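Here the structure is laid out as structure tokens; the discussion comes afterwards.
The values are calculated or read from the model by the stated rules, or taken from the named source; none is laboratory data. All values reported here derive from a predicted model rather than from experimental measurement. Because the Cβ atoms are built from the backbone with ideal geometry, glycine has one as well, and the counts that use them run over all protein chains shown.
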Protein chains: 2
Amino acid sequence: MVLINENYLKLPGSYLFSEIARRVNQFKAENADADIIRLGIGDVTRPLSPAIVDAMKAAVDEMGRAESFRGYGPEQGYEFLSEKIIENDYKPLGVELNTDEVFISDGAKTDTANFPDILGVTNIIAVTDPVYPVYVDSNVMAGRTGAFNAKGQFDGIVYLPCTEENGMKPQLPTTKVDMIYLCFPNNPTGMTLTKDELKQWVDYARDNKALILFDAAYEAFIQEENIPRSIYEIEGAREVAVEFRSYSKTAGFTGTRCAYTVVPKEVKAYDSQGNAHSLNSFWLRRQTTKFNGVSYPVQAAAAAIYSEAGQKEIQANIRYYMDNATIIREGLINAGYKVFGGVNAPYIWLKTPDNVSSWDFFDTLLNQANVVGTPGAGFGASGEGYFRLTAFGTRENTEKALERIRTRM
Amino acid sequence: MVLINENYLKLPGSYLFSEIARRVNQFKAENADADIIRLGIGDVTRPLSPAIVDAMKAAVDEMGRAESFRGYGPEQGYEFLSEKIIENDYKPLGVELNTDEVFISDGAKTDTANFPDILGVTNIIAVTDPVYPVYVDSNVMAGRTGAFNAKGQFDGIVYLPCTEENGMKPQLPTTKVDMIYLCFPNNPTGMTLTKDELKQWVDYARDNKALILFDAAYEAFIQEENIPRSIYEIEGAREVAVEFRSYSKTAGFTGTRCAYTVVPKEVKAYDSQGNAHSLNSFWLRRQTTKFNGVSYPVQAAAAAIYSEAGQKEIQANIRYYMDNATIIREGLINAGYKVFGGVNAPYIWLKTPDNVSSWDFFDTLLNQANVVGTPGAGFGASGEGYFRLTAFGTRENTEKALERIRTRM
């Protein structure tokens, strides 16, 4: 008799964004004329920029000619792309990497969810609370947690609350943990850590032989000085951290799909005898067995991000979104909301007024303003009473949404 | 202290194709002038056909305009593609499916390797021997096997030998198994099962509440009558089988990356209390959490396969490859080799002469004929003494390779 993976039975109800889609669809069915503005799921709206489109089409043309056709590529990705990543995303930060420390993939969601495949199931994980749900759910599926409890959390996970009280900055755990998920600039709070603050985490990991899974998907949106763009700017991080990055938000690749993960050769995990093993070779083995590389035209498109024209175009898009962030942030402040984020990140995290629950605020915002956001409770127990808006809408919709929030809420 | 997944330590040495690459690179370093012909890894050589190129470029253009830009798509894939799959790949076989039973992905390797994520780790797996290594290695990684033993097999796996004696057709297991991997037309032997033969497996699975993971990646190459193209042509298969298909070989997508997996709603697996659960909803949960869908232009390219022009073009490519298969098959027979496959599949499986080991034959073939093939032993213990050649080379190279085998071996 074939058995299922019973860990899946621990997962409560629907996945956050499916539940949002369900409620929005129900509202639409009952209000066919409503002009709904989505500032929820965090999908971008700016099209692929011309340099990227041209490069991708040229690569498709190459695929149509026998002499330039490319079949299976390296599972780890083409060097033409990993070289550009190192040169443009890391060298300017003073971070040296080799191409075999960079793994091109189809998404940071895929990578953050799959990376624990190579780690033991008894590791204790720590996550910030609120947190991107994929970190938690993928570990539940893998059996790295206990049951879903009455607090709306999973037994066995160490949650690190990020609230108004601590300025949305997680405190070091008081019990030992083995795998620590950090995402900065943060989804959903939009907040960042300074280099000194991040260094505390690297030091903790070194002292405890822990692993940091650092999600830097939003680094391109950093506007201020002294905010680390990569965890490898912190001394010693190469020994204890893997870093996930994505073109989804940076270059509008949510529908094009390309990302990468950095696994320095120094990063180690241990077997039960205490022997150290390089995670780089484990991840390579995992990827060569369970993945077949990213579509060549997609990798060619990603490489074009680093061209002079590509850089100019994507920086213009980032400015566009960050101007949206300012509109949302200032609009909410002027309307009397308490807000976080939106300065170095495309996310604005607001405190719901009068302590209403975040799903109630979702329903009110949808009904009265016809604006879709993301309830903070969907990101964890400490997200209750908070709400996320994203800067990825069009300018027109963003302005309209804030106007409606001002006048209808 | 962060622990690694110790199951990875059970995996011996390199992955098959990495080892081949290593030997070929070494040979090239020592014989810079050698004109090496690769009939090994099974990568295609025909470029993407014009209908596919045009559709993909048009989709990239859509991505470059705000009004037609697509961000996150459904993780399960776009309905425009799953509808075409159902209409073209299944309806003509008398198989009815709904779009939510089709999951578009970036590759059959990815899907066959990841699908067991939703299944219990105590399930006993059965694989044919020889077998596509990914089925075995992914289950080793998941902890579904014991150690690698002196026979070159993993303890705990039920191997079903496919040899000259049984005409490369696996016999039903004599002990109970829970997960059965079947790939027909087969990689590496190139052999097929009849509907009656496949029905025995479906009946076994129904009688034993087992699951069949049916890899139909090569169905497009079937030339003869009465060979099932889908396992769902067999009565009752909807209750016990998932089916993996791929555009890699069918339409030259090895570098473009698109495939799909069919999970009928009737397919069940059981919890430890014996309650049945629909694998369709488990797989949907897995994919929505750990995957973010296939690149839109890639899905648009895949949809073009089903256009009138697309069908004409890919059928011409399939004929081209199957003509290569005939050249290889007949060339080998005339040269005195015992061969299997190559009639309904792009693979030709030959018995090595004088019982030399398959890696020795690999080295001899590389050294004397400068032809790269795949040693049968790489596919399992019963593959020892066999060797795989593929029909995916160019016509010129295929003819040249056979001429060299005739004259230099």
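Here are a few things to note about the model shown:
- Segment A:63-107 - residue that is in contact (Cβ under 8 Å) with a residue 24 or more places away in the chain, over 18 Å from A:TYR232 (Cα atoms) and assigned to a helix (DSSP H, G or I) and, of those, nearest to the other protein chains (Cβ to nearest Cβ): A:MET63
- Hits in segment A:316-361 (condition: of a type in the set (Phe, Trp, Tyr) and in contact with a strand residue (DSSP E or B) (Cβ under 8 Å, 6 or more places away or on another chain)): A:TYR337, A:PHE340, A:TYR347, A:TRP349, A:TRP359, A:PHE361
- Unique residue being in a helix (DSSP H, G or I) and not small (Gly, Ala, Ser) when the list is A:ILE333, A:ILE348: A:ILE333
- Of the listed requirements (1) part of a helix (DSSP H, G or I); (2) surrounded by fewer than 19 Cβ atoms within 10 Å (Cβ to Cβ); (3) more than 8 Å from chain A (Cβ to nearest Cβ), B:LEU9 misses just one: (3).
- Options B:ILE333, B:ILE328, B:ILE305, B:ILE314: the member that is surrounded by fewer than 16 Cβ atoms within 10 Å (Cβ to Cβ) and hydrophobic (A, V, I, L, M, F, W, C): B:ILE333
- Looking across A:ALA300, A:ALA325, A:ALA269, A:ALA259, one residue alone is modelled with pLDDT of 95 or more, outside the structural domain of A:GLY120 (by TED's automatic domain parsing) and of a type outside the set (Lys, Arg). It is A:ALA325.
- Selection within segment B:114-173 - among the aliphatic types (A, V, I, L, M), assigned to a loop (DSSP other than H, G, I, E, B), more than 17 Å from the chain's Cα centre (by Cα) and at pLDDT 95 or above: B:VAL121, B:ILE124, B:ALA142, B:ALA147, B:ILE157, B:LEU172
- Conditions (1) more than 9 Å from chain B (Cβ to nearest Cβ); (2) surrounded by fewer than 19 Cβ atoms within 10 Å (Cβ to Cβ): number failed by A:ILE37: (2)
- Filter pass, B:ALA29 being surrounded by fewer than 19 Cβ atoms within 10 Å (Cβ to Cβ), in a helix (DSSP H, G or I), at the interface with chain A (Cβ under 10 Å from one of its Cβ atoms) and of a type in the set (A, V, I, L, M): no
- B:THR289 being among the polar types (S, T, N, Q) and facing chain A (nearest Cβ under 9 Å): yes
- B:ALA301 passes every criterion in (1) touching a Ser or Thr at 6+ places or on another chain (Cβ under 7 Å); (2) within 23 Å of B:ILE37 (Cβ to Cβ) apart from (2).
- Whichever residue in segment B:259-272 is within 8 Å of another protein chain (Cβ to nearest Cβ) and in a loop (DSSP other than H, G, I, E, B) and, among such residues, is surrounded by the fewest Cβ atoms within 10 Å (Cβ to Cβ): B:SER272
- Single residue of segment B:32-43 satisfying the filter (of a type in the set (A, V, I, L, M, F, W, C) and touching a strand residue (DSSP E or B) at 6+ places or on another chain (Cβ under 9 Å)) that is modelled with the lowest pLDDT: B:ILE41
- Residue within segment B:368-381 that is at pLDDT below 95, aliphatic (A, V, I, L, M), surrounded by fewer than 24 Cβ atoms within 10 Å (Cβ to Cβ) and more than 30 Å from B:ALA59 (Cα to Cα) present: yes
- Residue that is closer than 23 Å to B:GLN26 by Cα and outside the structural domain of B:ILE157 (by TED's automatic domain parsing), where the choices are B:ALA377, B:ALA345: B:ALA377
- Residue tally, condition in a loop (DSSP other than H, G, I, E, B) and under 29 Å from B:LEU211 (Cα atoms), over segment B:278-308: 4
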